[in-house]
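Below: one structure, written as structure tokens.
The values are calculated or read from the model by the stated rules, or taken from the named source; none is laboratory data. The shown structure was predicted, so the numbers you read here are calculated from the model rather than taken from an experiment. As a convention, Cβ positions derive from the backbone with ideal geometry for all residues, glycine included, and neighbour counts pool all protein chains shown.
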Amino acid sequence: MKISVVTAVHNGRQTIQGALDSVHAQSDCAVEHIVVDGMSSDGTDRVIDDNLPRIAQLIREPDQGCYDAMNKGIAAATGDIVGFLHADDQLAGPRSLRLIRDQFQAGNFDAVYGDLVYVSASDPDRIVRYWRAGPYQRKRFWRGWMPPHPTVYVRKRIYEALGDYRTDFGSAADYECLVRLMVKNNIRVGYVPEILVKMRLGGKSNATLGNRVAANRTDRQAWVENDMKPPFALRISKPFSKLSQYWRRPARQSGDN
């Protein structure tokens, strides 16, 4: 079972080396690393070129944003499973992808996710927030829940059958995709109870209150577009569900022995 990891990047010179290193450090797992560079102009291309022996596929061309680049990665992937590691994030440890693979095999799942930590933009070892996703229950979506998208890995055949990311949804494209796959089509989903990804703070959808309100409105539209009634909890539960991430601390992560 091979895992394709797609890294979409545009002007990520300062952080992409860490992402590349974390994929290269994975042990006991067949990995294909695909980098999709939307014509970076800050020197990212030089960092990528220095790491070409460790990159299975490089796509360097203009794109229409992050989700367009991610779709290109899905189309190019030759692995059984596809996941995403953005240029400013890192896999938490050398066991991350092996844990994902083992969970796929153990439960014959269509998708697998795990826990995530938000880390300081300047120091990926300093944890600021801990997102314990918890065991999968489809009904939790009606309470405003979603799994941490950077930890979600999906069989490629599922994307081929049910579609990839809708770029017209902007920063909510990941939420719409998960609603379509996991809620509307009820695919089989497994959970790894360990931290799999370190995500640097600074995401656009959460940068300001206005951005969060706009994203919440688009989240509701994701249900409408998939012929389902948006749950009322999206108005309240989804934003407030993040509060516990600030005081909860992890017991371990996939890099621990």
### Message
So Trp142 passes all but one of these: (1) farther than 29 Å from Asp68 by Cβ; (2) in contact with a helix residue (DSSP H, G or I) (Cβ under 7 Å, 6 or more places away or on another chain); (3) without any contact (Cβ under 8 Å) to a residue 40 or more places away in the chain. Which condition number does it fail?
### Response
(3)
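I'm trying to understand the selection: among the residues of region 102-143, which are part of a helix (DSSP H, G or I) and farther than 23 Å from Asn185 by Cβ? Lay out the reasoning, then the answer.
To start, the set of residues in region 102-143 that are part of a helix (DSSP H, G or I) comprises 102-107, 138-143.
Selection gives Asp102 alone.
Of everything in region 66-82, what is out of contact with any helix residue (DSSP H, G or I) (no Cβ under 6 Å at 6 or more places or on another chain), among the small types (Gly, Ala, Ser) and buried (at least 20 other Cβ atoms within 10 Å of the Cβ)? Give them in sequence order.
Step one: of region 66-82, the residues out of contact with any helix residue (DSSP H, G or I) (no Cβ under 6 Å at 6 or more places or on another chain) are 66, 69-73, 75-76, 78-81.
Cutting the leftovers down to among the small types (Gly, Ala, Ser) gives us 69, 73, 75-76, 79.
Within region 66-82, Ala69, Gly73, Gly79 qualify.
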### Task
Test each condition in (1) touching a residue at least 24 places away in the same chain (Cβ under 8 Å); (2) outside any helix (DSSP H, G or I); (3) surrounded by fewer than 21 Cβ atoms within 10 Å (Cβ to Cβ); (4) not β-branched (Val, Ile, Thr) for Ala87 and report the one that comes out false.
(3)
### Task
Starting from region 116-133, take each residue that is within 19 Å of Pro193 (Cβ to Cβ) and list its partners that are part of a loop (DSSP other than H, G, I, E, B) and among the aromatic types (Phe, Trp, Tyr), counting only C-beta distances under 9 angstrom and pairs at least six apart or across chains.
Tyr130/Trp247; Ala133/Trp145
### Summary
In region 67-85, residues that are more than 11 Å from Lys156 (Cα to Cα) and among the hydrophobic types (A, V, I, L, M, F, W, C) total 4
### Task
Hey, can you tell me all the residues within region 18-77 that are within 19 Å of Gln90 (Cα to Cα), outside any helix (DSSP H, G or I) and either under 18 Å from the mean Cα position of the chain (by Cα) or among the hydroxyl-bearing types (Ser, Thr, Tyr) (or both)?
Gln26, Ser27, Val31, Glu32, His33, Ile34, Val35, Val36, Asp37
### Message
Quick check on my filter: what residues within region 155-171 are of a type in the set (Gly, Ala, Ser), modelled with pLDDT of 95 or more and in a helix (DSSP H, G or I)?
### Response
Ala161
### Message
Taking the criterion of being crowded, with 21+ Cβ neighbours inside 10 Å and either basic (Lys, Arg) or under 22 Å from Thr151 (Cβ atoms) (or both), would at least one residue in region 36-59 satisfy it?
### Response
yes
### Query
What are the residue pairs meeting all of these: first residue in region 33-56, first residue within 18 Å of Ala76 (Cβ to Cβ), second residue assigned to a helix (DSSP H, G or I) and among the acidic types (Asp, Glu), Cβ atoms under 6 Å, and 6 or more apart or on different chains?
none
#### Entry: Tyr136 vs. criteria modelled with pLDDT under 95, surrounded by fewer than 23 Cβ atoms within 10 Å (Cβ to Cβ), under 17 Å from the mean Cα position of the chain (by Cα) and of a type in the set (Ser, Thr, Tyr)
no
